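These notes concern the structure reproduced below.
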């Protein structure tokens, strides 16, 4: 009987040892990590070269605002009351409109300003009809 007890005890110890080793494949680290994809770096939206606004002039006056353009400039225009009004289209841009004369020659600039002139912006005002303002904008 003592022999049978030793065989049963040895079998229990052997089965416990085999069950605890996990099949000999080593420990499990869990599921494989998900590869990280780099997030794209946001590209800043480029500034427009020009902006256009249309305002209606009347007895209450009118105004228009322009955000930054490629030169980095912004603008706001306020028109006074008009005795004769119409729609006015305003174009605020960093390039000269067609037909714009060149800036003064270098020789004349030096004599009149003492330094070079650099154009930053142009504001073109085009009325749709006759306009009479009560004061200067």
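The values are calculated or read from the model by the stated rules, or taken from the named source; none is laboratory data. Since the structure is predicted, the reported quantities are computational estimates derived from the model, not experimental observations. Neighbour counts run over all protein chains shown; Cβ positions are idealised from the backbone, glycine included.
Taken over region 37-78, residues that are under 19 Å from the mean Cα position of the chain (by Cα) and farther than 18 Å from residue 122 by Cα amount to 8. With respect to residue 25, determine if the residue is at negative phi and modelled with pLDDT of 80 or more. For residue 25, the condition - at negative phi and modelled with pLDDT of 80 or more - is not met.
Yes/no per residue for (1) under 30 Å from residue 130 (Cβ atoms); (2) exposed (fewer than 10 other Cβ atoms within 10 Å of the Cβ); (3) at pLDDT 75 or above:
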| residue | (1), (2), (3) |
| --- | --- |
| 2 | no, yes, no |
| 8 | no, no, no |
| 36 | no, yes, yes |
| 52 | yes, no, yes |
| 57 | yes, no, yes |
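Inside region 59-105, residues that are modelled with pLDDT of 90 or more, outside any strand (DSSP E or B) and buried (at least 17 other Cβ atoms within 10 Å of the Cβ) make up a count of 1.
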